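The values are calculated or read from the model by the stated rules, or taken from the named source; none is laboratory data. Model, not experiment: these values are computed from the prediction. A quick note on method: Cβ atoms are made from the backbone with ideal geometry, for glycine too, and the neighbour counts reach across all protein chains shown. For accessibility, only protein heavy atoms count, side chains too; no ligands or nucleic acids. Shrake-Rupley method; radii C 1.70, N 1.55, O 1.52, S 1.80 Å.
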Amino acid sequence: MFNSLLDILYPRRCPVCSEIVDVRGELSCKECRKKLILIEEPKCKCCGKPMEQVNKEYCYDCEKKSRDFTRGIALWLYNKEMKKSMAEFKNYGRREYAAFYIEELLKTYREEMEEISPDALIPVPIHKSKLLERGYNQAEVLARILGDKLEIPVLSDLLIRKKDTLPQKQLNDKERTLNLAEAFDFSLTERNSFRNKLNKVLLVDDIYTTGSTIEACSRILKKNSIDEVYFVTVCIGKGY
């Protein structure tokens, strides 16, 4: 009854078209869901990026680069609809969109994430200046809902972003690596507060484009004796 009243006073907006959802109680418009492109085979066996060649196992990037993460999961292609949705989610206070993203993610990948069985979820951190500007870390919002649904602890402070970096899409490969050099740090205090040993973790982020951020986070985690690093994102880019 309380939720129904809230829905009347503050009707939910669709994460795709930004209008009030066409059916009360739903998290998005029915027709809008059809505009989102689910990542299906053929896809890279390492990062999960969609590929055109069915006879290849790995994308161009994962073929030429050594990865510190084991495998990645991504739900949708980062197309124009999701670029708009992600921008509103990250920069314009639409935290409620996360409920839709996680619901759809679990429909497709719950079993795979349960098979990974991570000891903890690790949201990719943002710099404190961006946190002050936005008021929240979008990756942590996702991780909290996902952790609650899967009953997996979330360690929000295990990774620290100590350098405010340039947007990766503006840079070439070499510049991306330099841009993220020493951008992240590891918190032994947060790890020591966790009761169990961390052997396997699942990084959580909103978008995977170049993969440089996930790779930088994975490298720090592996350097600090975490054996396996997986990641999950709502969206992933195509190409390299």
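Sort out which residues of the range 34-58 are without any contact (Cβ under 8 Å) to a residue 40 or more places away in the chain and open to solvent by less than 80 Å² (accessible area, probe 1.4 Å), and write them in order of number. Show your work before the answer.
So in the range 34-58, the residues without any contact (Cβ under 8 Å) to a residue 40 or more places away in the chain come out as 34, 40-46, 51-58.
Pro42, Lys43, Cys44, Cys46, Met51, Lys56, listed by residue number.
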Could you tell me which residue of the range 92-107 is least open to solvent (accessible area, probe 1.4 Å), considering only residues that are closer than 19 Å to Val154 by Cβ and part of a loop (DSSP other than H, G, I, E, B)?
Glu96
May I ask you to list the residues in the range 58-92 that are more than 16 Å from the chain's Cα centre (by Cα), farther than 20 Å from Thr210 by Cβ and among the acidic types (Asp, Glu)?
Glu81
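If I filter the range 59-88 down to residues being of a type in the set (Gly, Ala, Ser) and in a helix (DSSP H, G or I), which single residue comes out as least open to solvent (accessible area, probe 1.4 Å)?
Filtering the range 59-88 for residues of a type in the set (Gly, Ala, Ser) gives 66, 72, 74, 85, 87.
Cutting the leftovers down to in a helix (DSSP H, G or I) gives us 85, 87.
On the way: Ser85: 0, Ala87: 35 Å².
Out of the qualifying residues, it is Ser85.
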Determine, yes or no, whether Arg24 is basic (Lys, Arg), touching an Asp or Glu at 6+ places or on another chain (Cβ under 7 Å) and open to solvent by 80 Å² or more (accessible area, probe 1.4 Å).
yes
Residues of the range 154-199 classified as part of a loop (DSSP other than H, G, I, E, B) and modelled with pLDDT of 65 or more, total
18
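Of all residues being hydrophobic (A, V, I, L, M, F, W, C) and at pLDDT below 95 in the range 127-151, which is farthest from Arg95 (Cα to Cα)? Just the residue, please.
Leu132
Which ones in the range 108-139 are closer than 16 Å to Phe184 by Cα and either of a type outside the set (A, V, I, L, M, F, W, C) or assigned to a helix (DSSP H, G or I) (or both)? So that I can check it myself, show each step before the final result.
Our first condition is that a residue be closer than 16 Å to Phe184 by Cα; within the range 108-139, this holds for 122-131, 137, 139.
Those that are closer than 16 Å to Phe184 by Cα and either of a type outside the set (A, V, I, L, M, F, W, C) or assigned to a helix (DSSP H, G or I) (or both): Pro123, Pro125, His127, Lys128, Ser129, Lys130, Leu131, Asn137, Ala139.
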Could you please find all residues in the range 121-146 being of a type outside the set (Val, Ile, Thr) and either at positive phi or crowded, with 20+ Cβ neighbours inside 10 Å (or both)?
Leu121, Pro123, Pro125, Gly135, Asn137, Gln138, Ala139, Glu140, Leu142, Ala143, Leu146
Cβ-Cβ under 7 Å, sequence separation 6+ or interchain: first residue in the range 210-225 and without any contact (Cβ under 8 Å) to a residue 40 or more places away in the chain, partner in a helix (DSSP H, G or I) and open to solvent by less than 30 Å² (accessible area, probe 1.4 Å). Which pairs?
Ala216/Leu180
